[in-house]
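The values are calculated or read from the model by the stated rules, or taken from the named source; none is laboratory data. Just so it is clear, the structure is predicted and the values come from calculations on it, not from any experiment. For neighbour counting, all protein chains shown are included, and Cβ atoms are generated from backbone atoms with ideal geometry for every residue, glycine included.
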Amino acid sequence: MLTLQNVNAGYNGIDVIYNISLSVKEGENLCIIGPNGCGKTTLIKAISGIIPHEGIIKIDGIDINNMKREQVAEKIAVMAQISAVYFSYSIYETVLLGRYLHMKGRTFKEPSLKDKEYTDKCLKAVGLYNIKHKQINTLSGGQLQRVYLARTLVQEPSIILLDEPTNHLDLKHQAELIDFLRDWSKCKGHSVIGVMHDLNLAIKLSDNMLVLDNGNMAAYGNTNKIISSNLLNDVYDMNVTEYMIDSLRQWEAYDSYYNKSKLRKVN
Amino acid sequence: MKLKYKITLSIIFSIIVIIAGVGLGSVNVPPSHIISIISNKLFSAPLPAEIQGTTSISIIWKLRLPRSLLAFLVGGAVAVSGSVMQSVLKNPLASSYTLGVSSGASLGAAVVIVTGFNIPFLGFLTLPATGLIFGMVTVFSAVKFASMMDKNLETSTIILVGMVFSLFVNAILTLIMSIARDHLAQLTFWQMGSFSLKDWSSVIILFPIVLISVIILQYFSKELDIMTFGEDQAFTMGVDVHKIKWVLLGLSAGLTGSAIAFVGVIGFIDLIAPHVVRKVFGSSHRTVIPMSMLFGGSFMVICDLIARTIISPSELPVGAITAIIGAPFFAYVYFSGRKGL
C-alpha cells in the first residue's frame, strides 16, 4: 500500500506540487489527470524518489526516506517514457536489464535461469517474444514502449508508475495495454499509478482519480464520481462533459451511417 | 558470426598484431625468434644458435617489446575509458578529454618541461606523475564544480563544465607556450604523443593500473548498460547512480590520465574504438569493455608500427597516424550498411 501525506516536491528548491495526500491500496489503480504543467510528472518523480520531497511517502507503512534505493526499486517500478536510444541493445538484453536487482548479488551480475525464463515470460505477455533478438533502435515508438513495459514487469514490482504510457501506441495497443495493466493489478493484487491525458483510457484503467490543478489537489476519489462532476470543466477550462458526449454522438452518427450503407448493399 | 567466435578471432588478431609490432622495423625479426627471445628472458630457455650474440635480442627485449606492450596498454586504456565515458555521459562524442584530462596533463607536462623541476625520488617519473596529477585535478575540479552547480550532477552540466575547464586550462597552456618559446618544440611533441625510447619501467607501472581499472570497470558493466538508458531509469531500477557515476568517471579519467602521462596526448582512439566495437560486438558492456581494450590496443600498436617504419629511420607523431588511418576506417565501419551512403 502506498500513502502520501502532505507531499510537496519540485525542482531547484521551488515546489511544483503542494500538499498531496492520497493512498493506493493493493489491487487498486490510480490515474493522475490534469492540464499540462499541473505537476503530474513531478508527482510521479517524487513517488519514485527521482526528486526529493517534503512530507511523507510510505510504502507498506515504511517511509521511503528510510529505505535504501534498492528496497524502493523492489517495490516500485517506473515505466520509462520514450527517449533517444544512444546505443542499441537487443529487445531481450534491454528487458533483462530490469532484473538488475535480482542479478546484483552474483559475481559479475550474471542472469540466472529464473531471470531468463521470467524475461521470456514478460516478453510473451507484451507480444515481443518472437522478435526478441531485434535491435531496439529499429523498433517503432509503440514497440519500444512495449519493451519498456516488459522491462518494468520483469522488475516484479508491486506498484507500477506510468507517465503517459500510451502516447506512442496505436488504438489497438492502447486498449491492449490498459486491459493488460488492469488484469495485472487485479489478478496479482498490485497497483498501477498512471499519468494520463486520454480521459477515456484513464476511466478504463483507474478505480480512483487524482485531478491536479496548478500543483494542487483539485479532486481525489472514485473515478465515476470525479468524471460525472463538473469539476473537470473548471480544471481544463472547457466543457469536458459536452466535448466527450459530442464525440460519442459523432460516433453514433457514423455507426448509423455505416449500418445503413451495409443494409443498402445487402438489399 | 557467433559472439564467442568473434571474441576468439579478436584475441588471435591482437596477438598477431603485437608480434608484428615487435618483429617489424629496420631489422625484421621472425616470430619464432621473438618467441625464443621472450622464452629465454622469462624462463631462461636456451636460445637458437642463429640468434645468439646478435643485436636482435636487445632490439626485441629492450626496445620493441616494451614499446609495443606500452602502445597496447595505452591504446587499450584510452579505448576502455572512452567507452565508459560515452555511456556514463550518454554522449557518443564524450571522452576523458571532454572533462579536461588531456588539457590538465598537458599543463602539468608544460610546467615540468619549462621549469625543469624534479619531484624527489621520482626522477624520470616526474613528468608522467605531474601530468597525471594535473589531469586528475582538472577532471575532479570540473566534476566537483558541476556538482555544486547541479546537485543531481546532470550529464549535460558535467559536459559543459568539463569543456569550460578544458578550454580554460588550454588557454593557460597557450600562454606558457607563447612565453617559453625555447621549449615550444618539446611541448608540441609531448602533445602529439610518442612511444619512442620507452622501456620496461613504463610498462611495469602502467600494467597493474590498467589491469585493476579494467577489472573494476568490467564489474560495473551491468550498471553501465542500464545507465545508457538515462539516469532516471537507472535510478528507478535500483542503481545507486550518483555514487557509481563518481566511481566510473574517476576510474576512466584516471585510466586515460595514467596512459597519456607516459606517452603524451593520444587522441581519437577513445572516440572511435568504442563505436567500432559496439558495431561489431553489440552494446553490452560485458563485451564492449574487454573488446575495446583489445581493439584500442591493437590499433595503437599498428599506428605506432606505421609511425616508426613509414619514413624510417625518422619517426612520425603517432597521434597524426591514429587520425589519418582511424578516420576513414571509422567512417567505413560506422557507416557501412547504412542506406544512401
Contacts under 6 angstrom Cβ, first residue in the stretch A:121-138 being without any contact (Cβ under 8 Å) to a residue 12 or more places away in the chain, partner surrounded by 15 or more Cβ atoms within 10 Å (Cβ to Cβ), 6 or more apart: A:TYR129/A:LEU123
Output the helices (runs of 4 or more DSSP H) that fall wholly within the stretch A:197-250 and possess 1 or more residues being closer than 22 Å to A:LEU177 by Cα, modelled with pLDDT of 80 or more and in contact with an Asp or Glu (Cβ under 9 Å, 6 or more places away or on another chain), or say none. A:199-205, A:223-228
Which helices (runs of 4 or more DSSP H) sit wholly inside the stretch B:225-297 and have at least 3 residues that are more than 10 Å from chain A (Cβ to nearest Cβ) and surrounded by 24 or more Cβ atoms within 10 Å (Cβ to Cβ)? B:241-263, B:269-281
Being free of Cβ contacts under 8 Å to residues at least 60 places away in the same chain and under 15 Å from B:SER106 (Cβ atoms) is the filter here; which residues of the stretch B:169-207 pass it? B:ALA171, B:THR174, B:LEU175, B:SER178, B:LEU184, B:ALA185, B:THR188
The correct count of residues that are assigned to a helix (DSSP H, G or I) and closer than 19 Å to B:PHE262 by Cα in the stretch B:60-98 is 23
Test of understanding: among A:GLY221, A:GLY194, which residue is surrounded by fewer than 19 Cβ atoms within 10 Å (Cβ to Cβ), of a type outside the set (Phe, Trp, Tyr) and closer than 17 Å to A:LEU2 by Cα? A:GLY221
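Every residue, every condition in (1) within 26 Å of the chain's Cα centre (by Cα); (2) more than 26 Å from B:SER103 (Cβ to Cβ), yes or no:
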| position | (1), (2) |
| --- | --- |
| B:ILE172 | yes, no |
| B:ILE179 | no, no |
| B:HIS183 | yes, no |
| B:THR188 | yes, no |
| B:GLY193 | yes, no |
| B:LYS198 | yes, no |
| B:SER202 | yes, no |
| B:ILE209 | yes, no |
| B:THR236 | no, yes |
May I ask you to list the residues in the stretch A:90-128 that are more than 8 Å from every other protein chain (Cβ to nearest Cβ) and at positive phi? A:GLY127
Of the numbered conditions (1) buried (at least 18 other Cβ atoms within 10 Å of the Cβ); (2) of a type in the set (Asp, Glu); (3) modelled with pLDDT of 85 or more, A:GLU156 satisfies every one except a single condition; which is it? (1)
Only one of A:GLU110, A:GLU117 that is among the acidic types (Asp, Glu), within 30 Å of B:LEU93 (Cα to Cα) and either more than 15 Å from the chain's Cα centre (by Cα) or in the same structural domain as A:GLY189 (by TED's automatic domain parsing) (or both): A:GLU110
